[in-house]
Amino acid sequence: MLGLKFDTTTSWAEIAKDDLQQILTDHAYAEQKASSSAIGIILNYSEDTKLVKELLAISIEELEHFKMVHDLMTKRGLVLGRARKNEYALHIHKFFAKTPNRTDALVQRLLVAALIEARSCERFKVFSENLEDKELSDFYKELMISEANHYTTFLGFAREYQDAEIVNKKWNALLEYEAEFMKNRGTQATVHG
């Protein structure tokens, strides 16, 4: 799915649904961080009107998702827990070496964002398909579609800024790196855990 090189097993969904407090808290903060990440790109590449417009829409949508998750939590009597470090995102960000070239740096950020969105989309799909709770299942199906759209937007922009062949090579290497890391994941009630 989405070109990912490692598929999430249903055992992760079982772990996640047994700890809704943790998965929903982690999910809420993942949405907040996605919103902040889009704003960070906007701030660094503000001269590109098309990029700013698209990423501003994504940032707002991600913040709306944060609110949706929080509203769902409060409706169920859950309280938003404290944010924790996202080991997955930290690991993915380490793949690319820092570069002084602005275009290369932008493409790297876009590819990392695309991958995080793709993995979130895949996880939401697995989660929604393994829930008996219809409200929660429908909720995650809806968010899955949104994450897929964000993934394609980020990947599409990366291919606009650099030759598609170069971007595809970087993308495939990043996918391999992520797949290796994911082999040891799936044991925590977190979106990427």
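The values are calculated or read from the model by the stated rules, or taken from the named source; none is laboratory data. All figures in this text were calculated on a predicted structure; none of them were measured in a lab. Methodologically, a virtual Cβ is constructed for each residue, glycine included, from the backbone with ideal geometry; neighbour enumeration extends over all protein chains shown.
Which count do you get for residues in the range 19-32 that are among the acidic types (Asp, Glu) and either assigned to a helix (DSSP H, G or I) or at pLDDT 95 or above (or both)?
2
Residues of the range 125-134 being in a helix (DSSP H, G or I) and either surrounded by 13 or more Cβ atoms within 10 Å (Cβ to Cβ) or in contact (Cβ under 8 Å) with a residue 24 or more places away in the chain (or both), which ones?
Initial filter on the range 125-134 (in a helix (DSSP H, G or I)): 125-129, 134.
Listed by number, the residues that qualify are Lys125, Val126, Phe127, Ser128, Glu129.
Which is within 13 Å of the chain's Cα centre (by Cα) and surrounded by 21 or more Cβ atoms within 10 Å (Cβ to Cβ), of Ala16, Ala28?
Step by step, each of Ala16, Ala28 is checked, and only Ala28 is within 13 Å of the chain's Cα centre (by Cα) and surrounded by 21 or more Cβ atoms within 10 Å (Cβ to Cβ).
Looking only at residues in the range 33-55 that are among the hydroxyl-bearing types (Ser, Thr, Tyr) and in a loop (DSSP other than H, G, I, E, B), which one is farthest from Ala89 (Cα to Cα)? I'd like the intermediate steps shown before the answer.
Just the residues of the range 33-55 that are among the hydroxyl-bearing types (Ser, Thr, Tyr), to begin with: 35-37, 45-46, 49.
If we keep only those that are in a loop (DSSP other than H, G, I, E, B) as well, we get 45-46.
Details: Tyr45: 21, Ser46: 24 Å.
So, considering only residues that are among the hydroxyl-bearing types (Ser, Thr, Tyr) and in a loop (DSSP other than H, G, I, E, B), the one farthest from Ala89 (Cα to Cα) is Ser46.
In the range 34-47, which residue that is touching a helix residue (DSSP H, G or I) at 6+ places or on another chain (Cβ under 9 Å) and not small (Gly, Ala, Ser) is surrounded by the fewest Cβ atoms within 10 Å (Cβ to Cβ)?
Asn44
Can you name the residue in the range 97-124 that is in a helix (DSSP H, G or I) and charged (D, E, K, R) and, of all such residues, is surrounded by the fewest Cβ atoms within 10 Å (Cβ to Cβ)?
Restricting attention to the range 97-124, the residues satisfying the condition of being in a helix (DSSP H, G or I) are 102-124.
Going one step further and asking which of them are charged (D, E, K, R), we end up with 102, 104, 109, 117, 119, 122-123.
Numbers: Arg102: 11, Asp104: 17, Arg109: 21, Glu117: 24, Arg119: 25, Glu122: 21, Arg123: 25.
Checking each candidate, the answer is Arg102.
Listed residues Lys17, Lys53; which is within 19 Å of Arg109 (Cα to Cα) and either touching a strand residue (DSSP E or B) at 6+ places or on another chain (Cβ under 7 Å) or basic (Lys, Arg) (or both)?
Criteria check complete, one pass: Lys53.
Would you be able to say whether some residue in the range 138-153 is on the phi > 0 side of the Ramachandran plot, at pLDDT below 95 and buried (at least 18 other Cβ atoms within 10 Å of the Cβ)?
no
Out of the residues in the range 62-95 that are surrounded by 17 or more Cβ atoms within 10 Å (Cβ to Cβ) and not in a helix (DSSP H, G or I), which is modelled with the highest pLDDT?
Phe95
Are any residues in the range 42-61 without any contact (Cβ under 8 Å) to a residue 60 or more places away in the chain and under 20 Å from Met144 (Cβ atoms), and if so, which ones?
Ala57, Ser59, Ile60, listed by residue number.
Looking at the range 1-18, which of its residues are at pLDDT 90 or above and in a helix (DSSP H, G or I)?
Ser11, Trp12, Ala13, Glu14, Ile15, Ala16, Lys17
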